[in-house]
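The values are calculated or read from the model by the stated rules, or taken from the named source; none is laboratory data. Being a predicted model, the structure only gives us computed values, none of them experimental. Quick reminder, even Gly has a Cβ in these numbers, built from the backbone with ideal geometry, and neighbours come from all protein chains shown. Protein only, heavy atoms only, side chains kept; ligands, DNA and RNA dropped before computing areas. Shrake-Rupley method; radii C 1.70, N 1.55, O 1.52, S 1.80 Å.
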Amino acid sequence: MLSIYGKSLRPESELRSIIDLTKDYPEKKLKKWQKFSGSDSNSIYILLEGEVEFRRSCDELCMFTIQGPFVFGLANLFYDISNVHGVARSNIMVREIDKNDFIQMVTEHNQWKALTKVLSWFLCVFKKRDDVLVARSAYQVIREFLLEIYELIINHNRDINVYDYIQEYTDLARSTIIKILSDLKKGQYIVIEKGRLLSMTTLPERY
């Protein structure tokens, strides 16, 4: 849902121009599942390689994932907020930069337009998430995620447990997810074995 949508709009050239400004900063490795946040460290993180989850701090709900290269902590650039933090999904390589130094670099190299486009990308991604999740039925939410999972399996060779994936990115009860997927299997819309989606036909618009 957000992985594919976000990747299609991702401002690659702008990201690269911003990240290139930080080339003289040292790199460090963060281990898989390590947490980090720009709100409590006064830092901006440049993700050079690896994959990071954006998680809601109040309940650890996964908002979306992003692969490097990327810039993490921009929402905390001028405000000390702590509602979202990063979790490394793999061993990752980052550069950690003081917020004030980062602002100075962007100003001196006239990169505010590029940074604005990156921030606009964030707004598009979170708006898309609201479109999918807010004021939608459980079935509509699950339908959107099934479409994304199928796309990730077919075109990106991802190995995904359907039940875990949907629960990780939504606040739906596992029993609700199991019930709806079970009904879709009975209707022969999907084939799932050992949690893996093997095939899928056109899903009905309504449950």
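For the set Val84, Val141, the ranking by accessible area, highest first and with no ligand, DNA or RNA atoms included, is Val84, Val141 under a 1.4 Å probe. Ligands, DNA and RNA excluded, the heavy atoms of His109 present near 100 Å² of accessible surface to a 1.4 Å solvent probe. Does the chain classify as rounded, prolate or oblate by the C-alpha gyration tensor (a ≥ b ≥ c root eigenvalues; a/c under 1.5 gives rounded; else a/b over b/c gives prolate, otherwise oblate)? It is prolate, given that a/c is not under 1.5 and a/b is the larger ratio. Applying both filters, DSSP loop and at most 13 other Cβ atoms within 10 Å, to the chymotrypsin sites (Phe, Trp or Tyr not before Pro) of the range 66-95 gives Phe78, Tyr79. When +1 charges are put on Lys and Arg Cβ atoms and -1 charges on Asp and Glu Cβ atoms, the dipole computed for the range 68-162 relative to its Cα centre reaches about 240 debye. Using only side-chain charges placed at the Cβ, +1 for Lys and Arg and -1 for Asp and Glu, the dipole size of the chain relative to its Cα centre rounds to 560 debye. Specify whether the C-alpha gyration tensor of the range 1-116 places it in the rounded, prolate or oblate class, a ≥ b ≥ c being the square roots of the eigenvalues: rounded for a/c under 1.5, otherwise prolate if a/b is larger than b/c and oblate if not. Judged from the Cα gyration tensor, the range 1-116 comes out rounded (a/c under 1.5). Put a plus charge on the Cβ of each Lys and Arg, a minus charge on the Cβ of each Asp and Glu, and nothing anywhere else: the dipole of the range 129-184 about its Cα centre is then about 160 debye. Name the residue from Leu152, Ser8, Ile18 whose Cα lies farthest towards the positive end of the charge dipole of the chain, charges +1 on Cβ of Lys and Arg and -1 on Cβ of Asp and Glu. Comparing the listed Cα positions along the dipole, Leu152 ranks first.
Of the trypsin sites (Lys or Arg not before Pro) found in the range 156-198, those that fall in a DSSP loop while having at most 15 other beta-carbon atoms within 10 Å are Arg158, Lys194. Out of Gly195, Val134, Thr170, whose Cα points farthest toward the positive end of the dipole of the range 124-197 (charges: +1 Lys, Arg; -1 Asp, Glu; placed on Cβ)? Going by the charge dipole, the pick is Gly195.
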